[in-house]
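Student: Mind having a look at this structure? Questions to follow.
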Amino acid sequence: MKKIAFITGITGQDGAYLAEFLLNKEYAVVGGFRRLSTPNFSRLDELGITNRIRLVETDLLDTSNLTRIIMEVRPQEVYNLGAQSFVAHSFKNPILTGNVTGIGVTNLLEAIRIVDPGIRFYQASTSELFGQAREFPQNENTPFYPRSPYGVAKLYGHWITINYRESYNIFASTGILFNHESPLRGIEFVTRKITDAVARIQLGKLDHFEIGTLDVKRDWGYAKDFVEGMWLMMQHDVPDNFVLATNESHSVREWIEVCFNYVGKRIVWEGIGIKELGKDEETGKVVVKINPEFYRPAEVESLIGDYSKAKRELGWEPNVRYKELAELMLRADLEKQK
Ligand code: NAP
């Protein structure tokens, strides 16, 4: 009998890659998607797996919907990847974010507790829990200090998962994942926004792009590596919390430079603060401008993850590092733009 996995957020970056990974492991994959007036299966289509997944209408805000799905699908593993996941958006929609990204986790855990507490549960926690980080690098024991409604909602999701593990003996694990990117990353996220813009500038379709803070630093890994880590957590003998990261931290400025370098352009920076400009050294043309609209009310300055527990206990390690990641995303965007 095939193992059955139910994934919420199947239309997102991680949902698509995890589904592909589990199909390759001979799972029957059931994917939860939100009903929209126009269905959005573009990532699943891009991977060519839409027809291999059973798609069910799922809303994390509706416990009765979730309970019905769990009763009917009877999965062995549930991966909760659905969320309002964009930090900037969470400042504009803090209540919606709290409901979907925070309370939504309880809605799903309740469905599992009621129907079958033997189901294994994965919660998509995040490095945004560390926010204004109290120590460097951050590991599973680093105190949390979220800096956005998204981070606060995820903190609730994180602790309610641990609470259901301890209260009801549910196999409920959390993956505290640092940023992970790919050609399937949403276009509003900074790494993809940059690779998309650099590709269009290179092909003469765009003059320049605008960005917020250049010097925030993140630990960026490859989404395909990270979905494997999720699965490994679910195969472990005990439920637990694990950091997945690359243990390297780079600024947005460096990401821009690496991307332009890849297409043979060197960027020189002039001015300071909101007047700073990035210019193509050869032509003197402005290709990057600062727009304070992209500043956040509270910023997370710098994050770097320590994944040694995942390495030790799960045998997990990232394969793709920062520069290779930027280049593979840029190559994909150049292809798409052509
Ligand atoms: P994503 O591309 O933004 O996908 C989010 C998914 O959640 C989408 O499928 C979205 O559906 C769905 N969703 C939103 N609201 C929903 C609702 N009310 N009910 C059901 N589904 C809903 O995010 P991702 O990058 O794949 O990330 C997957 C998970 O990992 C998220 O929980 C994210 O917060 C977390 N995470 C991501 C990272 C990262 O760097 N990527 C790092 C740490 C943690 P639509 O397509 O209809 O919008």
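Student: Answer with yes or no whether E301 is out of contact with any helix residue (DSSP H, G or I) (no Cβ under 6 Å at 6 or more places or on another chain), farther than 30 Å from T142 by Cβ, of a type outside the set (S, T, N, Q) and open to solvent by 80 Å² or more (accessible area, probe 1.4 Å).
Tutor: No; evaluated as a whole, the condition is false for this residue.
Student: Which condition number in (1) surrounded by fewer than 24 Cβ atoms within 10 Å (Cβ to Cβ); (2) in contact with a strand residue (DSSP E or B) (Cβ under 7 Å, 6 or more places away or on another chain); (3) in contact (Cβ under 8 Å) with a residue 40 or more places away in the chain is the one that S251 fails?
Tutor: (3)
Student: Listed residues S64, S37; which is at pLDDT below 95, more than 10 Å from the ligand (Cβ to nearest atom) and not β-branched (V, I, T)?
Tutor: So the residue among S64, S37 that is at pLDDT below 95, more than 10 Å from the ligand (Cβ to nearest atom) and not β-branched (V, I, T) is S37.
A quick yes/no check of all residues on (1) of a type in the set (D, E, K, R); (2) in contact (Cβ under 8 Å) with a residue 24 or more places away in the chain:
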{"position": "N163", "(1), (2)": "no, no"}
{"position": "Y168", "(1), (2)": "no, yes"}
{"position": "G186", "(1), (2)": "no, yes"}
{"position": "K193", "(1), (2)": "yes, no"}
{"position": "L206", "(1), (2)": "no, no"}
{"position": "W231", "(1), (2)": "no, yes"}
{"position": "L244", "(1), (2)": "no, yes"}
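Student: Moving on to the next point. Here are the criteria: (1) surrounded by fewer than 17 Cβ atoms within 10 Å (Cβ to Cβ); (2) within 15 Å of the ligand (Cβ to nearest atom); (3) under 19 Å from F242 (Cβ atoms). Tell me which single one T174 does not satisfy.
Tutor: Unmet for T174, out of (1) surrounded by fewer than 17 Cβ atoms within 10 Å (Cβ to Cβ); (2) within 15 Å of the ligand (Cβ to nearest atom); (3) under 19 Å from F242 (Cβ atoms): (1).
Student: Residues in region 184-193: is at least one more than 11 Å from the ligand (Cβ to nearest atom), surrounded by fewer than 23 Cβ atoms within 10 Å (Cβ to Cβ) and of a type in the set (G, A, S)?
Tutor: no
Student: Let me ask another. For region 220-248, how many residues are within 16 Å of the ligand (Cβ to nearest atom), open to solvent by 40 Å² or more (accessible area, probe 1.4 Å) and β-branched (V, I, T)?
Tutor: Final tally of qualifying residues: 0.
Student: Mind counting the residues in region 128-155 that are under 17 Å from the mean Cα position of the chain (by Cα) and free of Cβ contacts under 8 Å to residues at least 60 places away in the same chain?
Tutor: So the answer is 5.
Student: Restricting to region 40-58, what's the tally of residues that are under 26 Å from K2 (Cβ atoms) and either of a type in the set (V, I, T) or within 14 Å of the ligand (Cβ to nearest atom) (or both)?
Tutor: So the count comes out to 13.
Student: Based on what the data block shows, is N179 closer than 20 Å to M230 by Cβ and either near the ligand (Cβ under 10 Å from one of its atoms) or in contact with a His (Cβ under 8 Å, 6 or more places away or on another chain) (or both)?
Tutor: So N179 fits the description; yes.
Student: Which residues, taken from region 114-146, are closer than 13 Å to I176 by Cα, crowded, with 20+ Cβ neighbours inside 10 Å and β-branched (V, I, T)?
Tutor: T126
Student: For region 1-113, please list each of the strands (runs of 3 or more DSSP E) lying entirely inside it that holds at least 3 residues being open to solvent by 20 Å² or more (accessible area, probe 1.4 Å).
Tutor: Counting at least 3 such residues, we get 54-57.
The values are calculated or read from the model by the stated rules, or taken from the named source; none is laboratory data. This one's a predicted model, so the numbers in the text were calculated from it and none came from an experiment. Reconstructed Cβ throughout: ideal geometry from the backbone, glycine too, with neighbour counts over all protein chains shown. Just so you know, the surface numbers come from the protein's heavy atoms only, side chains and all, with ligands and any DNA or RNA stripped out. Shrake-Rupley method; radii C 1.70, N 1.55, O 1.52, S 1.80 Å.
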